[in-house]
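The values are calculated or read from the model by the stated rules, or taken from the named source; none is laboratory data. In this text the structure is predicted, and so the values were computed from the model without any measurement. Quick reminder, even Gly has a Cβ in these numbers, built from the backbone with ideal geometry, and neighbours come from all protein chains shown.
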Amino acid sequence: MQTLRYFNREALLKVDEAVKVSEELVNNHFKMSSGQWLKNRYDIKTAKDLAAHEHVNGPFAQVIKYEGRKKDMPLGSSSFSLYTICLQDGAILSNVEKKHLLLEPFLLYVLTHELVHVVRFSKFKHRYENKNEADVTLGEERKVHGLTHYILKSMSVPGLKQVFEFYKDWLLVPGSEVHGKKLDDPA
């Protein structure tokens, strides 16, 4: 069995900052009000807080959908979807080290990517299937990578260009449209 690696205190601070930035960017991109954003119920966990079934080999993160229910409300009508973004610390740290990437921009990309999934699932742009990230359709993954690139491309973050280079094979072909805009448009 593979030994689990966890983010240290310094890395957790970088995760926290990347969460704040990615939430704001995704919220702005989808033009959601604060009320709409809060309705997209989600949680973000790092490896030390994941249940055994939330750990996966391969992906840097995955989204798992749970059914939540208000306390003391036994009826199904009170249930809601709760998405958990499960960061895979070891996979992220190993990749950053192996590919000589900076942790901050890599986390920003991964978290933005996963939040785009959450928004698309919650807005029914893509149906959530009880599968891990590796099982999501190739077309959907390409759309989400395209949206992630589009959301982040105007950011001036050291090391982000190298992260884009790492993910270049996941982008839709140039000229493809995401939200009515061509991926290679400067706007």
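Can you give me the ranges of the strands (runs of 3 or more DSSP E) entirely in the stretch 1-119 with at least 1 residues that are acidic (D, E) and either at pLDDT 95 or above or surrounded by fewer than 18 Cβ atoms within 10 Å (Cβ to Cβ) (or both)? I'd like the intermediate steps shown before the answer.
On the way: elements: 42-45, 61-69, 79-87.
Counting at least 1 such residues, we get 42-45, 61-69.
Would a scan of the stretch 22-36 turn up a residue that is within 14 Å of the chain's Cα centre (by Cα) and free of Cβ contacts under 8 Å to residues at least 40 places away in the same chain? Break it down into steps so the answer makes sense when it comes.
Residues of the stretch 22-36 that are within 14 Å of the chain's Cα centre (by Cα), as a first pass: 22-27.
From the residues that got through so far, the ones that are free of Cβ contacts under 8 Å to residues at least 40 places away in the same chain too are 24, 27.
Among the residues of the stretch 22-36, at least one is within 14 Å of the chain's Cα centre (by Cα) and free of Cβ contacts under 8 Å to residues at least 40 places away in the same chain, which makes the answer yes.
Of everything in the stretch 137-158, what is surrounded by fewer than 17 Cβ atoms within 10 Å (Cβ to Cβ) and not acidic (D, E)? Give them in sequence order.
T137, L138, G139, K153, S154, M155, S156, V157, P158
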